[in-house]
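Written below as structure tokens is the structure these notes are about.
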Amino acid sequence: MSTALALAWSTLALVAGVSGHARAQEGLGQESATNRQVVPYVVTDDAITEPLAVQRGDPALGEALIGERHRSLCILCHALPSGVERLQGTLAPSLAGIGSRLSEGQIRLRIVDMKRLNPESIMPTYHALPASARIAPGWQGKPVLGAAEIEHLVAYLVTLKE
Amino acid sequence: MRRPAASLIALALLAGAASAGDIAPGERRSGSAFMAPETQAMQADDTSNPGMLWVLQGAGLWGEKAGRSGRSCAGCHGEAVASMRGTAARYPALDAASGKPIDLTGRISQCRTERQGAPALARESDALLAITTFVAHQSRGLPVAPPEEPRLDPYRETGRQLFTTRMGQLDLSCANCHDDNWNQRLAGSAVTQAHPTGYPLYRLEWQSIGSLQRRMRNCMIGVRAEPFASGSEEFIALELYLMQRAAGMAIETPGVRP
């Protein structure tokens, strides 16, 4: 019981830790956390219609990445249809059925830069050079997620139909 | 200092209105109120509260002679039950010599090096945590009573600003979670209101006692920010602000947290 509770914060606290990086590299291979570049994109209304990466995302890799909370962080705040209820975050709306509520391009923009739609949002901007105060040295000049990682997440989230 | 332009003030007012802002006095709750009943029971019962081990260790150190002076804490202060009652409730306090705020651990360190003439103890050392826990425990049940000291006000204001400034790669402020979302959960953890009333406290996750600064450092690492230095003015300013925010709430040292 208490370990389950304790785990939750420690995952976010350990985000900067070595173990997170190691796992990230074993996991999705293609893109190492230390080699993330910000790619340009075009916003049309409230969406980014074109994929950020040349390759389409892989929904299975997206599902795995969303489960890696050291790295994608999504489930710290959002609930997922498949998640264990008592471990789910309630800081954000559930992502269940998101694929029927939003288009692929709308989902992409929300992950890339939610603050463009709501400057007060607590959702981190995932794909921009971070510009906040006191960024830890290991994270300076790096987006939270790279283009290919975001495409995997988008590919998975569009499959979440209610 | 220049006066802020009217447009800036308007902006600040707007921003204030947009966020949920301060917690209403009637809604304030200790971190322990968010815990599972088992953890609450562990804190409430001195025979099962692991923090009591550090209280005991601290009681031993209180009576132990140290340094060139050959005196113990008790040698100057006598029985802690009387002389230290209420002390933790009014710290951080103004240090007259420096004109700056000093936290309880800082004051104990100062006594040790300057008055006992003993070698300094590291901030997160077991011994210094034990003495701090023992002293803070003498205020258990008393209301937090920040000193009405105008010279502390600028530091409290700095603390408030730090608390409300977004930071780190994730660009979140303390207030984003602890003022605006304290009734939510971050994954399985209750976010809580970040009241400093139980420190130093025993965290099951740490399997040890830990300081308020250690807790704040973890939150900063969580948002991928560079933590303030141990014992820094920034951390003490944050503590001053948190104590003001918790004024009137009961001290619980040693708390227990998941």
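The values are calculated or read from the model by the stated rules, or taken from the named source; none is laboratory data. Keep in mind it's a predicted model, so treat the numbers as computed, not measured. All Cβ positions, even for glycine, are placed from backbone atoms using ideal geometry, and neighbour counts span all protein chains on display.
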TODO: Take B:Thr197 and decide whether it is in contact (Cβ under 8 Å) with a residue 12 or more places away in the chain, farther than 29 Å from A:Pro137 by Cα, assigned by TED's automatic domain parsing to the domain that holds B:Thr39 and in contact with a Ser or Thr (Cβ under 6 Å, 6 or more places away or on another chain).
DONE: yes
Task: Residue count, segment A:132-158 (criterion: within 14 Å of chain B (Cβ to nearest Cβ) and part of a loop (DSSP other than H, G, I, E, B)) - done: 10
Open item on the list: Considering only residues that are assigned to a loop (DSSP other than H, G, I, E, B), farther than 16 Å from B:Glu252 by Cβ and at pLDDT 95 or above, which ones fall in segment B:19-44?
Closed with: B:Ala36
- [ ] Take segment A:119-131 and flag every residue that is at the interface with another protein chain (Cβ under 9 Å from one of its Cβ atoms) and either surrounded by 23 or more Cβ atoms within 10 Å (Cβ to Cβ) or over 25 Å from B:Asp179 (Cβ atoms) (or both).
- [x] A:Pro124
- [ ] Name every residue in segment A:80-91 that is facing another protein chain (nearest Cβ under 9 Å) and in a loop (DSSP other than H, G, I, E, B), in order of residue number.
- [x] A:Val84, A:Gln88, A:Gly89, A:Thr90, A:Leu91
Task: Which numbered condition B:Thr132 fails, given (1) outside the structural domain of B:Arg107 (by TED's automatic domain parsing); (2) crowded, with 24+ Cβ neighbours inside 10 Å; (3) touching a residue at least 60 places away in the same chain (Cβ under 8 Å) - done: (1)
- [ ] Of the numbered conditions (1) at the interface with chain B (Cβ under 8 Å from one of its Cβ atoms); (2) on the phi < 0 side of the Ramachandran plot; (3) crowded, with 18+ Cβ neighbours inside 10 Å, A:Asp113 fails exactly one; give the number of that condition.
- [x] (1)
TODO: Go through (1) surrounded by fewer than 18 Cβ atoms within 10 Å (Cβ to Cβ); (2) within 14 Å of another protein chain (Cβ to nearest Cβ); (3) at pLDDT 75 or above and name the single condition A:Cys77 misses.
DONE: (1)
- [ ] State the number of residues belonging to segment B:192-240 that are among the aliphatic types (A, V, I, L, M), surrounded by fewer than 22 Cβ atoms within 10 Å (Cβ to Cβ) and assigned to a loop (DSSP other than H, G, I, E, B).
- [x] 2
- [ ] For segment B:59-82, indicate whether the set of residues that are of a type in the set (Val, Ile, Thr) and either touching a strand residue (DSSP E or B) at 6+ places or on another chain (Cβ under 8 Å) or under 16 Å from B:Pro196 (Cβ atoms) (or both) is non-empty.
- [x] no
Open item on the list: Suppose the filter is over 30 Å from B:Asp46 (Cβ atoms) and in the same structural domain as B:Gly248 (by TED's automatic domain parsing); does B:Ala120 pass it?
Closed with: no
